[in-house]
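Chemist: The structure under discussion is supplied below as structure tokens; questions concerning it will follow.
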Amino acid sequence: MYLYDALDKEFLADRSAEFRGQVARRLAGELSEDQFKPLRLMNGLYLQLHAYMLRVAIPYGSLNAVQARRLAEIARRYDKGYGHFTTRQNIQFNWIKLADAPDILDQLAEVDLHAIQTSGNCIRNVTADPYAGATAEEVDDPRVWSEVIRQWSTLHPEFSFLPRKFKIAITAAPKDRTAARVHDIGLVARRDRDGTLGFEVIVGGGQGRTPYVGPTIKEHLPAGRLLSYLEAVLRVYNRHGRRDNIYKARIKILVAALGAEEFGRQVEEEWAKIDGARADLPDTELARIRGAFATTPFETLPATSAIFEANKAADPAFARFARNNVKPHKKSGYAVVVVSLKAVGQTPGDATADQLEVVADLAERYSLNDLRVTHAQNLVLPHVKLDDLPVVHAALQKAGLATANIDLASDIIACPGLDYCALANARAIPVAQHIAAKFADADYAEKVGELKIKISGCINACGHHHVAHIGVLGVDKKGEEFYQLSLGGSGAEDASIAQILGPALPADKVAEAVDTLVDKYLSVREGEERFLDTFRRVGMAPFKEAVYADAH
Amino acid sequence: MPTLIKLTGGAFADLDNEFVHVADEDDAPNVDAVILSFTRFQAEGEALLAAGRKVGVRLESDQAVEDLAYDLPRLSVVALAFPKFRDGRAFTSARLLRERLGFTGEVRAVGDVFREQAGFMVRCGFDAFEPSDGSTAQEWGTAAGRFRHVYQRAADDRAPAFEERA
């Protein structure tokens, strides 16, 4: 894991001091709310429906135990005892007082955390594969490149006032757990035939009002040229992205307007003018960063564990957990454990301070002091010994964190919605809870299999409904909350944008409609087909008929 | 007349602004130093330069600095406009002027110019500022020097983190 050196720490201290001064000027009335707004947004501080919300960056979703405990302390002391993990692997505190914000930032900085670039029209926190450094699928450790980009993009002098926010995702595995194809830039690391590392560069994907699966503008960018190429993409965007209309300002609109080929040509032209010797990271620094991630102290262990097997045989709940939440590890004798924040009745992505402390302890004791956040709003203990799985499971169970539903129907992504957010048209959390309740029977949920349901409370699509197998979008119809369903989206390597099912439904019909869709799927499913595969095979018609025949 | 903050040899100072901003619709005043729009410069620049005046050009944020490339050696000032705090195009323009076009004259920030962006501006190669928030040179310098470290190379000569570490 990358540890901040004195220089990184001094940088955070300077940032914290700067914000403290700005808050003091605001509280003294020297700055108006209008003048203060862009400044607080640069530190992730939003004004929401009921209070200030502080979004804390978790760079590429990676935390250690000390950091997780500090987040728990902040939740307890300054919030209502919980935090909310987001689809960008960050955490939000929803009940913050402005006057407390500088103290919170100081306390975060003490453990190398911050809120830099968690909002504003700048390069946001990079998302990365939460299984990085643990999965055998990857061709390189994407955290190395995430850290390179974190440093490069931090207070970038040229790219901090872009037309709109800018999000980068990196994965180095064929199975994409970052939604790379619906990011402003998606980077997929690959090795070519002679083993040379490079990135497929996908630009102009996105969600929001106008969802796009991003086109590939470069098939194999030599890895060492990453920063100069990013500079070229960002410069073309900064100069030519639209600034007249906030809804048309993302890079996806520019790429779509020019066409991927022409956009790619402009990037190449700009790239050719950049001096790589100045713009690309020197090999020595890359080696330093790589070294920080290469020192995970794995033990040499047998590939199987008698303890693990015996517990699976003896405890059906553990066996279910092992089937759904335990993923293969690159090192023999280890596993990746996904901790679901989607217990039935829970707000998706919320964790209480007590739960954060439990997970922090488990990470420290059983996962080489490493904890990850996923874009699906769950947590990951990336390096757990097979022998330790039963004890980890028991501890999670005790904390209400052992729900065995990863990628199943109740593992729902939802934005905070109208319960918190000033932009929302409709609530998202209660809808998620109602749908999840339909799949509370774990046998049934497993029978249904992989089913990604995602809910957004407005068209900004923070709940990723466009890339859901079943997407739910809250809309306002004359002051009433309605929900538009869409089917067949995917944010993974087989990315696609979901298609609208039909007229929006009232809130009390949504869970029922999802139920109907799943019944239809089960009746036409062939073999082990996922919901998404069945939809792609049979199309919209049977599903549409099922829901609207029922509704009328 | 707006105050002018000038960065010279690492020090910020309040100076009198010797340049007069001339709007397109106004008659050219009989002064030694003027800043003109690009359009007006194309029409009147030759004559003013021939008359020994100091000439600067103001570029709006949607105008390409490359269009000035040929004239740069004769210009005293390129003023880059920030029509709004959040319009960041002039940051790119400044870097290109310094790093790609090799302009060594004054690069001046005009428009919505706030001290919160001072650090970014200096790093991108601006060396003169017409602050719209009433900042003094001292306040500007404090804001610009807020961070002891930077993470990337830009148009200034600050050593990025990776060089400090090496």
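Chemist: Pop out the ³J(HN,Hα) list for region A:386-403 in order, Karplus 6.51 cos²θ - 1.76 cosθ + 1.60 with θ = phi - 60°, rounded to Hz; leave Gly and Pro as x.
Modeler: With the stated coefficients, region A:386-403 comes to 4, 4, 8, 4, x, 6, 5, 4, 4, 5, 5, 4, 4, 8, x, 10, 10, 4 Hz.
Chemist: Follow-up question, since we're still on this one. What shape does region A:294-406 take by its C-alpha gyration tensor, where a ≥ b ≥ c are the square roots of the eigenvalues and a/c under 1.5 counts as rounded, a/b above b/c as prolate, and the rest as oblate?
Modeler: It is oblate, given that a/c is not under 1.5 and a/b is not larger than b/c.
Chemist: Additional query: Return the long-range amide H neighbours of A:H114 (sequence gap of 5 or more, or a different chain), with a cut-off of under 5 Å between placed amide H atoms.
Modeler: A:A57
Chemist: Using modelled amide H (1.01 Å from N, peptide plane; none on Pro or chain starts), what sits under 5 Å from the amide H of A:R177, excluding residues fewer than 5 places away?
Modeler: none
Chemist: Fewest to most neighbouring Cβ within 10 Å: what's the order for B:T92, A:T216?
Modeler: A:T216, B:T92
Chemist: Also: Among A:A351, A:G491, A:A549, whose Cα lies farthest out toward the positive end of the dipole of the protein assembly as shown, if unit charges sit on the beta carbon of Lys, Arg (+1) and Asp, Glu (-1)?
Modeler: Working it through, the farthest residue towards the positive pole turns out to be A:A549.
Chemist: I've got another one for you. Arrange A:R88, B:R74 by Cβ neighbour counts within 10 Å, fewest through most, would you?
Modeler: B:R74, A:R88
Chemist: Report the charge-dipole magnitude of region A:6-110 in Debye, nearest 20, computed about the Cα centre from +1 at each Lys and Arg Cβ and -1 at each Asp and Glu Cβ.
Modeler: 340 debye
Chemist: With +1 assigned to the C-beta of every Lys and Arg and -1 to the C-beta of every Asp and Glu, and no other charges, what is the dipole magnitude of region B:4-165 about the Cα centre in debye, to the nearest 20?
Modeler: 800 debye
Chemist: I would also like to ask the following. Estimate the FRET efficiency between A:E33 and A:E480 by the formula 1/(1 + (r/R0)^6), using the beta-carbon distance for r and 25 Å for R0, to the nearest 0.05.
Modeler: So, using R0 = 25 Å, E works out to roughly 0.20.
Chemist: Of A:P102, A:I307, B:H149, whose Cα points farthest to the positive end of the dipole of the protein assembly as shown (charges on the beta-carbon: +1 Lys, Arg; -1 Asp, Glu; origin at the Cα centre)?
Modeler: Towards the positive end, the residue furthest out is A:I307.
Chemist: For helix B:38-50, report the angle its Cα long axis makes with the longest principal axis of the Cα atoms of chain B; keep it between 0 and 90° and round to the nearest 10°.
Modeler: For helix B:38-50, the angle is close to 70 degrees.
Chemist: Additional query: From the backbone phi of region B:68-73, what are the Karplus-calculated ³J(HN,Hα) couplings (6.51 cos²θ - 1.76 cosθ + 1.60, θ = phi - 60°) in whole Hz, Gly and Pro given as x?
Modeler: Couplings: 8, 3, 5, 8, 3, x Hz.
Chemist: Quick check on my link table: of A:K342/A:K438; A:K342/A:K452; A:K452/A:K478, which ones sit more than 20 Å apart, alpha carbon to alpha carbon?
Modeler: Over 20 Å Cα-Cα: A:K452/A:K478.
Chemist: Another question about this same structure. Give me Rg over Rh for chain A, both radii from the alpha carbons and Rh done the Kirkwood way, two decimal places.
Modeler: On the way: Rg = 22.8 Å, Rh = 24.0 Å.
Rounded to two decimals, Rg/Rh equals 0.95.
Chemist: Kindly provide the Kirkwood hydrodynamic radius of chain B in Å, to one decimal, from all pairs of distinct alpha carbon atoms.
Modeler: Radius from the Kirkwood sum: 16.4 Å.
Chemist: Another question, if that's okay. For the protein assembly as shown, with only Lys/Arg (+1) and Asp/Glu (-1) charged at the beta-carbon, what is the dipole magnitude about the Cα centre, in debye rounded to 20?
Modeler: Dipole about the Cα centre, nearest 20: 960 debye.
Chemist: Next question, about the same structure. What is the order of B:T136, A:T295, B:T8, A:T87, fewest Cβ neighbours within 10 Å to most?
Modeler: Exposure proxy ranking, most exposed first: A:T295, B:T8, B:T136, A:T87.
Chemist: In addition: So what J values fall out for region B:146-160 if you push phi through Karplus, 6.51 cos²θ - 1.76 cosθ + 1.60 with θ = phi - 60°, rounded to Hz, Gly and Pro as x?
Modeler: 4, 9, 6, 9, 10, 9, 9, 6, 9, 8, 8, 9, 5, 7, x
Chemist: Which cross-chain or sequence-distant (5 or more) residues have an amide H under 5 Å from the amide H of A:L368, H modelled 1.01 Å from N in plane?
Modeler: Correct list: empty.
Chemist: With the Cα gyration tensor of region A:6-110 giving a ≥ b ≥ c as the square roots of its eigenvalues, does the rule (a/c under 1.5 for rounded; else a/b larger than b/c for prolate; else oblate) give rounded, prolate or oblate?
Modeler: It is oblate, given that a/c is not under 1.5 and a/b is not larger than b/c.
Computed from the coordinates by the stated procedures, all read-outs in this text should not be read as laboratory data. Keep in mind it's a predicted model, so treat the numbers as computed, not measured. Cβ atoms come from the backbone with ideal geometry, glycine included; neighbour counts cover every protein chain shown.
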